[in-house]
1. Only residues that are touching a Leu at 6+ places or on another chain (Cβ under 6 Å) and closer than 24 Å to GLY269 by Cα: list them for segment 22-71, please.
2. What tally of residues in segment 244-291 results from selecting those that are part of a loop (DSSP other than H, G, I, E, B), at pLDDT 95 or above and touching a Ser or Thr at 6+ places or on another chain (Cβ under 7 Å)?
3. Tell me, which residue of segment 27-57 that is of a type in the set (S, T, N, Q) and crowded, with 17+ Cβ neighbours inside 10 Å is farthest from GLN285 (Cα to Cα)?
4. Would you confirm, using the coordinates I've provided, whether GLU39 is part of a helix (DSSP H, G or I) and at pLDDT 90 or above?
5. Being out of contact with any strand residue (DSSP E or B) (no Cβ under 7 Å at 6 or more places or on another chain), at pLDDT 80 or above and aliphatic (A, V, I, L, M) is the filter here, so list the residues in segment 112-131 that pass it.
6. Scanning for something modelled with pLDDT under 90, of a type outside the set (S, T, N, Q), part of a loop (DSSP other than H, G, I, E, B) and in contact with a strand residue (DSSP E or B) (Cβ under 8 Å, 6 or more places away or on another chain), does segment 95-111 turn up at least one residue?
7. Can you tell me which condition LEU195 does not meet? The list is (1) part of a loop (DSSP other than H, G, I, E, B); (2) surrounded by 15 or more Cβ atoms within 10 Å (Cβ to Cβ); (3) aliphatic (A, V, I, L, M), and all the others hold.
8. Which of the residues that make up segment 118-164 are in a helix (DSSP H, G or I) and closer than 13 Å to LEU191 by Cα?
Amino acid sequence: MPCSNYAKPSRIASCDRCRKLFQSGTLKWNVEEASAIWEPDGCALQYRSMNEAANCMNDLLITNKKVPFLLFVGDSRIQQLRDGLILTLTGHDYDTFANRLAVVEPESYAKYGAPEKIYRSAGAQIKFEWQPYLDDGAGAITNLLWNISKSEIKPDILVLGAGIWSIKDCEAAQKPQQACAETYREHLRILLPLLNSLATTTLVIWTPQCAVNEIILDADQIHFGYTNTNMQRFNDVAREVLSSGKFSPQSSVIFWESAWEASVQINDGVDGIHLGHETKLTLVQMLLDWICSPVRRDPTRIRNAKKVVRHSENSYCCHV
């Protein structure tokens with residue numbers, strides 16, 4: 001049984017093996033190819049080439065009679081995941097945070113947007129919404145998620161996360177980060193019932209605050225509270241709220257633990273704040289493995305995968 005079936009979200013929530021993609025793992029080295037690979041604890045991640053990822057999207061369209069709809073909500077680090085998915089599917093790189101040579105057309109790449117033609121050529125509906133803050137139930141992110149919940153067209157997968165802007169504002173206001181983390185806790189508690197409601201029709205993934213490179217930030221004299229201690233403090237709060245039965249006994253929202261761990265272990269960011277190229281693409285491969293789990297892999301259609309790690313079919317986290 002595939003782990004991801006857009007027509008039956010309950011099937012997604014029950015697939016414990018596929019969920020290992022979003023749990024703990026370890027960065028290992030492929031000596032033959034001199035490249036790093038991510039291995040979830042207890043199973044293997046399937047790396048997909050651009051050709052195979054595009055074929056997956058086409059096969060999902062045939063299987064589910066609809067174009068896969070992936071929605072990313074958050075700040076610029078969540079935006080990078082959107083851009084990483086577009087890069088993996090099309091070869092077009094729009095992420096100047098990870099690649100200073102990425103080509104951006106100012107007119108078509110308006111604030112946190114990307115050309116619609118890229119979405120179409122990717123074989124999927126991919127959208128990003130700029131929402132860097134949680135709120136008290138009456139703000140922008142609540143309104144956005146409420147509108148999504150009432151829409152006839154809902155995303156198949158919702159990837160969201162926020163926190164680093166709250167850390168920055170807390171530092172600027174000279175408030176204790178612990179006090180700001182408690183406000184963050186209250187806001188996430190308020191948001192959680194809405195997230196759980198969305199999770200009945202959509203796979204909802206909460207992305208933690210990824211690690212920063214404090215050496216680079218110190219060298220550039222950039223502070224603003226950007227420390228891994230603060231990132232972990234906010235992540236601990238989110239993990240507790242999402243996993244504690246005290247707040248939500250039936251929560252189906254996935255806390256993406258491996259996103260934090262991979263960002264710590266790969267640690268390749270250019271500016272010390274944003275995801276590095278390798279980190280971003282590793283996280284995208286985790287998402288693709290889940291998204292593509294209903295599609296049986298056809299070895300005759302695999303072309304030029306950047307990283308091909310051979311495992312038995314049954315060892316993969318998601319397999320049909």
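1. Of all residues in segment 22-71, those touching a Leu at 6+ places or on another chain (Cβ under 6 Å) come to 36, 38, 40, 48, 53-54, 67-68, 71.
Across segment 22-71, the qualifying residues are ALA36, TRP38, PRO40, ARG48, LEU71.
2. Matching residues across segment 244-291 total 3.
3. Filtering segment 27-57 for residues that are of a type in the set (S, T, N, Q) and crowded, with 17+ Cβ neighbours inside 10 Å, the one farthest from GLN285 (Cα to Cα) comes out as ASN55.
4. Values: part of a helix (DSSP H, G or I): no; at pLDDT 90 or above: yes.
Criteria not met by GLU39.
5. At the first step, the residues of segment 112-131 found to be out of contact with any strand residue (DSSP E or B) (no Cβ under 7 Å at 6 or more places or on another chain) are 113-118, 120-123, 130.
Going one step further and asking which of them are at pLDDT 80 or above, we end up with 122-123, 130.
If the condition is that a residue be out of contact with any strand residue (DSSP E or B) (no Cβ under 7 Å at 6 or more places or on another chain), at pLDDT 80 or above and aliphatic (A, V, I, L, M), then ALA122 is the only one that fits.
6. Scanning segment 95-111 turns up at least one residue that is modelled with pLDDT under 90, of a type outside the set (S, T, N, Q), part of a loop (DSSP other than H, G, I, E, B) and in contact with a strand residue (DSSP E or B) (Cβ under 8 Å, 6 or more places away or on another chain).
7. Answer for LEU195: the failing condition is (1).
8. If the condition is that a residue be in a helix (DSSP H, G or I) and closer than 13 Å to LEU191 by Cα, then ALA140, ILE141, THR142, ASN143, LEU144, LEU145, TRP146, SER149 are the ones that fit.
The values are calculated or read from the model by the stated rules, or taken from the named source; none is laboratory data. Given the structure is predicted, the values throughout are model-derived calculations rather than measurements. Cβ atoms come from the backbone with ideal geometry, glycine included; neighbour counts cover every protein chain shown.
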